[in-house]
Each structure stands twice: as structure tokens, then as C-alpha cells.
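Read through the structure below, which is laid out as C-alpha cells, and then see the notes.
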Amino acid sequence: MKTRAPRILLASAVGLALAAGVAWWQTRHVPDLAAVTTAIGGPFTLTDHTGRRVTDADFTGRYRLIYFGYTYCPDVCPTELQAMSTALDRLGADGERLQPLFITIDPARDTPAHLADYVALFHPRLIGLTGSAAEIAAAARAYRVYYARPPGGDDQTYLMDHSSFVYLMGPDGQFLTAFPSGVDPEKMAAGIKARLQ
Ligand code: NI
């Protein structure tokens, strides 16, 4: 854990710098709304935890709550997924308008079968998504997600570095907002509700 903390801080710092950059960019380019809303998000083709091939288009018309992480994560990922689940439940009927998605950044270990066991721990409607290394890289790139396997560790027990944001995407796949790591579930629920139309 001691060696991991700086990496998490680094990943968070990268994420925050990115968010700050996006915010700066938005304030400097307010008239260009179309470009802003396409800055985060985009098409993906992945495999869900039942083995079905899915694309972003399968969720057209639905709000999406998306988190990138990995099932072997000892702390941050389970915390964020639990926060998402709590926020969705707090929203009641409104929560059912959202599709929660968990996209792994560790496809080597996060097989569909492994994801199936994992997502069931958090929310009955949570869909786990995995894919080839290239498919995951493309999805992460679209959402500006940083991830890396640091040197060391064996192939069973290694940890991954990754940025940690919960993305709220609109029915057309447009970026609405992102919640930082550690956000209170009540605040997440309120932030979601404020953006539902
Ligand atoms: Ni994690």
C-alpha cells in the first residue's frame, strides 16, 4: 500500500490536470459547444460480462454512468462502484434512467466470467465491459482515461495505476459531467438529478 499511494496520487494528479485543462478549455471556447461535448466520450466496441458484443450505440437513448477500473483493485474501484450504486438507488425511479457501466482497464485478467461475479457485488443493473487490449485502449483514449501497469509484481497479483472519474453521459452519448474519486454518493445523486431532463 505504501508504494501504491504515490501512484494513485500521480494518477489523480494527472486526472485533475486533465479536468482542469478541460475546464479551462471550456471557458476559453464557450461558443464552440459542439466541440466541448465531444471532448470526452466516443464510440466503443467491447464485450459485456455475459459474453455479448456491445457498442456505445446499444445504449443510445439512455443516460450512462461510466467508471473505468479493474476488479483486482484493492480500494479505489470498489469504493467508487459502491458510490455509483448508492447514488443510483438514492435516485429511485430516476436512477433507472441510467445505465451503469464498469469498463475494465485490465482485460488480461478481467474476463467476462470474472466480471460477471464482480459486478453482481455492486448493483443488479451494473454491466461489466472488457475486450481486447486494443479495444480497451481505444475506449480509455476516448474517455481520456489514464492507466498503466507499473513495473514489478507477478502476473496474478499486480496492481494497475489508473485515473478515477465517474462519467455521466447523456442519451446521445454526450459528456455531461464527471465526478472525482471519493465523491459523496449523495452529491453524486444530486449532480445526476440536476442533469436529467
Ligand atoms: Ni482502482
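Derivation of every value follows stated rules applied to the coordinates shown; laboratory data play no part. Here the structure is a predicted model, which means the values were calculated and not measured.
Structure summary
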{"read-out": "Note, ³J(HN,Hα) from phi for the stretch 73-89, Karplus 6.51, -1.76, 1.60, rounded to Hz, x at Gly and Pro", "value": "4, x, 9, 5, 4, x, 5, 5, 5, 5, 5, 4, 4, 5, 4, 4, 5"}
{"read-out": "Karplus-derived HN-Hα couplings along the stretch 60-67 (A = 6.51, B = -1.76, C = 1.60, θ = phi - 60°), whole Hz, x at Gly and Pro", "value": "4, x, 10, 5, 10, 10, 10, 10"}
{"read-out": "Rounded to whole Hz, the Karplus (6.51, -1.76, 1.60) HN-Hα couplings of the stretch 42-58, x for glycine and proline", "value": "x, x, 8, 10, 9, 10, 7, 6, 9, x, 7, 6, 9, 10, 4, 5, 5"}
{"read-out": "Values of log10 I(q)/I(0), in the order q = 0.25 Å⁻¹, for the stretch 127-197 under a Debye, Cα-only, solvent-free model", "value": "-1.24"}
{"read-out": "Amide proton proximity set for Leu129, modelled H, under 5 Å, gap of 5+", "value": "Phe102, Ile103, Thr104"}
